[in-house]
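Report on the following structure.
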Amino acid sequence: MATTRTKWLHIMVGLTIGYLLMGMSPLTAQDDCKVVEKVLVDAFGKIHNTPAHVYTTSKIGSQNFTSEIIYAAGSMYMKVNGKWTLADSIKNVEQLEQKNRHNANSKDTCRYLKDELVNGEMAAVYSSHSETPKGKIDMQIWISKSKGLLLRQDTNSDEGKVLNSSRYEYGNVKPPL
């Protein structure tokens, strides 16, 4: 039983970090992408410094998964099999994201789409399309107009074989352990 839980923990940590890294591909192919990249880098930086609770629904092939992550007190925590566990330090997560931004080799297009209300807060909606050696990634990102915080992110990769939808909450978030 403990081995199964450990396997699931490793799978969920890997999927989550992979998901975060997918969302951090460098968006530099066009001038619009430079603007979107700056907005995204700023928003992800704020997540690392603002206590946040992330709820993600993933569909990989025909299987559905839900996961939760909390960023608080300099650490990233994940909920696996109903239990919270310390996944990594925010410093390590930031280093992985930085490395991914510099090592990614992709052709990108991106643009501002519109303003939209998300849970009563006005957000700017951006889209990006990346073509990498590993496949295509399409994202839509909702960034708070007033706070610059990430509110929602939808990612479609591998031409619909992997779908992720995340919502971000910032009120009353504390480390779960």
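Values quoted throughout were computed directly from the atomic coordinates according to the rules given, and no laboratory measurement underlies them. These numbers were taken from a predicted model, which means no experiment stands behind them. All Cβ positions, even for glycine, are placed from backbone atoms using ideal geometry, and neighbour counts span all protein chains on display.
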Set the Förster radius R0 to 22 Å, insert the Cβ-Cβ distance between LEU163 and SER89 as r into 1/(1 + (r/R0)^6), and round the FRET efficiency to 0.05. 0.20
Points 7 angstrom from Cα along the Cβ direction at ASP32 and ASP115: gap in nanometres? 1.9
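Taking neighbour Cβ counts within 10 Å as the exposure measure, how do ILE69, ILE143 sort from fewest upward? The partial results should precede the final answer.
Numbers: ILE69 25, ILE143 22.
Ranked by crowding around the Cβ, least crowded first: ILE143, ILE69.
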Provide the gained length on full extension for the span VAL41 to ASP154, in nm with one decimal, where the gain is 0.36 nm per separating residue minus the Cα-Cα distance. 39.0 nm
